Amino acid sequence: MDDVINMNYNTQIVVKVDAKKAFIALTKNIHKWWSSTSKSDQKKGGQFTIQFDNGYWWTFNILEFTPYKKIVWECIDGEPDFNKEWIGHILQWELIKKDTELEINFHQIGLTPKVNCYEVCSKTWDMFITEKLRNHLQSNT
C-alpha cells in the first residue's frame, strides 16, 4: 500500500492541537476550512457532499471512521463537467500524535500526475490543507 500512496498526491501538516480538535475539523467542521457540506452523515458507512460556490460538488462514502486517528473517504459522484475523474479516488486522513504536536497526513489515492486535474487539484489541496486547515486548527474556534 505504501507504494500506491507514494505515487499519488500526499501532504502533511504538523500542528500544536489535540487529535480531538483535528478530528472534529475533518468531520463536523469541514465547512470551516474546505467548503459547505450537505447530506452529511459522519460515521463509517455514512456519506456527505461537499459543495462550492462555483457549482462544483463531490459526494463521498465514509469507508473508515476511527475517532482521533483515521478517516477514509471514497469519492462516488461529482460535478459532471468538472473533475468527474475523482470518482473512485480514495482520500485518507491519518492523525499521529508526536509529543506536543499532531501530524496530519493526507493522501488522495488516484490523484497522480497522469490525471488531467493534477496540477490544479494538488495546488488547491496545498492551499486548503497547509493554509486553511492549519489556520482553522490554530485558531480558537
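The values are calculated or read from the model by the stated rules, or taken from the named source; none is laboratory data. Only a predicted model underlies this, so the values are computations on that prediction, with no experimental measurement involved. Using ideal geometry, Cβ is built from the backbone for each residue, glycine included, and neighbour counts are taken over all protein chains shown.
Key figures for this structure:
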quantity	calculated
Near pairs, Cβ below 6 angstrom, 6+ apart or cross-chain, from region 94-108 (over 10 Å from Lys16 (Cα atoms) and basic (Lys, Arg)) to any residue that is buried (at least 16 other Cβ atoms within 10 Å of the Cβ) and modelled with pLDDT under 95	none
Within region 17-35, considering residues that are among the hydrophobic types (A, V, I, L, M, F, W, C), part of a helix (DSSP H, G or I) and out of contact with any His (no Cβ under 8 Å at 6 or more places or on another chain), the one surrounded by the fewest Cβ atoms within 10 Å (Cβ to Cβ)	Ala19
Flag for Ile129 being within 15 Å of Trp34 (Cα to Cα), at pLDDT 95 or above and out of contact with any helix residue (DSSP H, G or I) (no Cβ under 7 Å at 6 or more places or on another chain)	yes
Condition broken by Trp86, with the remaining ones in (1) of a type in the set (Phe, Trp, Tyr); (2) surrounded by 18 or more Cβ atoms within 10 Å (Cβ to Cβ); (3) within 18 Å of Lys28 (Cβ to Cβ) satisfied	(3)
In region 87-122, the residues that are among the acidic types (Asp, Glu) and in contact with a Phe, Trp or Tyr (Cβ under 9 Å, 6 or more places away or on another chain)	Glu94
His89 being in contact with a helix residue (DSSP H, G or I) (Cβ under 6 Å, 6 or more places away or on another chain) and either more than 19 Å from Thr124 (Cβ to Cβ) or at pLDDT 95 or above (or both)	no
Region 18-47 - residue that is touching a strand residue (DSSP E or B) at 6+ places or on another chain (Cβ under 8 Å) and touching a residue at least 24 places away in the same chain (Cβ under 8 Å) and, of those, nearest to Ile129 (Cα to Cα)	Trp34
Filter result for Lys16 (over 30 Å from Lys114 (Cα atoms), modelled with pLDDT under 95 and of a type in the set (Lys, Arg))	no
Matching entry among Asn54, Asn116, Asn135, Asn61 (being in contact (Cβ under 8 Å) with a residue 60 or more places away in the chain and surrounded by fewer than 18 Cβ atoms within 10 Å (Cβ to Cβ))	Asn135
